[in-house]
Amino acid sequence: MKKYSKIAAVLVTVMLCVSVLAAVFCAAAHTHHDCTGAGCAVCAVLEQCDQRLRGAAAAAAAVLPVLFFAKYAVIPRTAGTREASGRTPVTLKVKLLN
């Protein structure tokens, strides 16, 4: 079950990246268009692209501090405990025959 969760997470990440790239290319391609005024379809698409990019930027702004904290605050502390717990009677091959 864990393998399928990883695959699903990778697929969602790829779909998000493709969506953001498509929004960027769409906005770049149609920035200078002949606007028909109110109800312009190209302007509506550009507005959707703008909303998607702002949402992706907000998500990145929320996730990056968490990743930074996890990498530099949590992981180094847990890495030191692995060395301390490596010395057990079993690993030292001590016979406890009392």
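Multiplying the residue separation of Lys71 and Leu97 by 0.36 nm and removing their Cα-Cα distance gives an extension gain of 5.0 nm. Please work out the Cα center distance from the stretch 44-71 to the stretch 2-42, rounded to the nearest Å. The stretch 44-71 and the stretch 2-42 have Cα centres spaced 13 Å from each other.
Scanning the chain for cysteines with no neighbouring cysteine C-beta under 4.7 angstrom from their C-beta gives Cys17, Cys26, Cys35, Cys49.
Modelled spin labels at Thr36 and Thr88, positioned 7 Å past Cα toward Cβ, are 7.2 nm from each other. Bridgeable lysines around Lys3 (alpha carbons under 25 Å apart, same-chain partners fewer than 8 residues away excluded): Lys71.
The long axis of helix 75-84 is offset from the longest Cα principal axis of the chain by roughly 10 degrees.
Extension gain for the segment Cys17 to Lys2, taken as residue separation times 0.36 nm less the Cα-Cα distance, is 3.1 nm to one decimal.
What is the sum of charges around Ala9, taking Lys and Arg as +1, Asp and Glu as -1, for the other residues whose C-beta is under 12 Å from the C-beta of Ala9? List each step's numbers first, then the result.
Values: positive: Lys2, Lys3, Lys6; negative: none.
That works out to +3.
Quick note: the coordinates plus some simple rules give every number you see, no bench work behind them. Computed from a predicted model, the values in this text were never measured in an experiment. As a convention, Cβ positions derive from the backbone with ideal geometry for all residues, glycine included, and neighbour counts pool all protein chains shown.
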